[in-house]
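See below for the structure under consideration.
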Amino acid sequence: QGSYVAVAQVRMTPRPGILPMRPGFQPRDCQLQAARAFQFHAKLGTKRLLTEMVMASGKGDLIAGLLVRLAWAGKRGVFIVNRDYLCDDVYQRTMLVEPAMYAGRVQGKRNEVDRHILFASLQTVCDEDRARQLGHIDWIFADEGHTLLCDSGRTIIRVLEEINPALRVAAFTGTAYRAKANGKTTGLGELFGPEVGG
């Protein structure tokens with residue numbers, strides 16, 4: 001997995017606790033519940049985790065804390081979202097939790113794929129060549145997780161699974177059920193099936 005893992009492990013200072021937070025912040029009960037469920041399913045080996053959290057419930061800080069724990073464990077991850085401002089926000093939160101994080105951006109012309117934890121826009125990495133450049137990824141973290149159902153999301157998962165068949169996906173969304181034609185709703189079972197956790 002290259003030198004980025006060694007660099008990150010040397011520089012970072014893991015701290016106790018299930019969910020590390022930005023200075024001055026304490027995790028809310030819903031964030032702790034989600035972090036515990038994530039930890040349980042990660043140990044269980046669940047390949048597809050879905051966490052539903054409403055807006056303003058602390059989803060960004062939850063994702064940041066989980067990404068930091070992932071890096072502390074020596075795993076490589078990519079955070080993917082369809083809006084640049086959300087990508088920038090979670091990047092900044094993550095860096096406040098662990099300033100020594102060896103993190104990189106994959107957005108537009110930025111292509112810092114040699115880093116330990118990556119922050120990418122869906123529109124950038126939906127191109128097969130750009131997705132392949134990410135290399136070996138242990139976990140995809142996707143905010144607005146329902147976007148993984150689109151062709152772009154499926155392409156990213158397919159390409160990264162070709163590189164690492166053990167790839168795992170953690171999706172986060174406030175809208176696990178989406179409006180469909182004729183007033184019906186649909187869930188994310190098409191992607192997550194019976195392996196939903198969290």
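The values are calculated or read from the model by the stated rules, or taken from the named source; none is laboratory data. Predicted, not measured: the structure shown is a model, and the values here were computed from it. Cβ: placed from backbone, ideal geometry, glycine included. Neighbour counts: every protein chain shown. Each accessible area value is taken on the protein alone, full model and side chains, heavy atoms only, with ligands, DNA and RNA left out. Shrake-Rupley method; radii C 1.70, N 1.55, O 1.52, S 1.80 Å.
On the basis of being within 25 Å of N164 (Cα to Cα), in contact with a helix residue (DSSP H, G or I) (Cβ under 8 Å, 6 or more places away or on another chain) and basic (K, R), does R69 make the cut? Can you show your working first?
Working: within 25 Å of N164 (Cα to Cα): yes; in contact with a helix residue (DSSP H, G or I) (Cβ under 8 Å, 6 or more places away or on another chain): no; basic (K, R): yes.
No; evaluated as a whole, the condition is false for this residue.
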First in region 153-165 and over 14 Å from F141 (Cα atoms), second anywhere and open to solvent by less than 50 Å² (accessible area, probe 1.4 Å) and acidic (D, E), Cβ under 8 Å, 6 or more apart: N164/D138
Matching residues in region 158-187 (of a type in the set (A, V, I, L, M), modelled with pLDDT of 65 or more and open to solvent by 10 Å² or more (accessible area, probe 1.4 Å)) number 3
Go over the candidates L32, L50 one by one and state the one that is of a type in the set (A, V, I, L, M, F, W, C), at pLDDT below 90 and in contact with a Leu (Cβ under 7 Å, 6 or more places away or on another chain). L50
Checked against (1) farther than 19 Å from G65 by Cβ; (2) without any contact (Cβ under 8 Å) to a residue 60 or more places away in the chain; (3) in contact with a helix residue (DSSP H, G or I) (Cβ under 6 Å, 6 or more places away or on another chain), F119 satisfies every condition except (1)
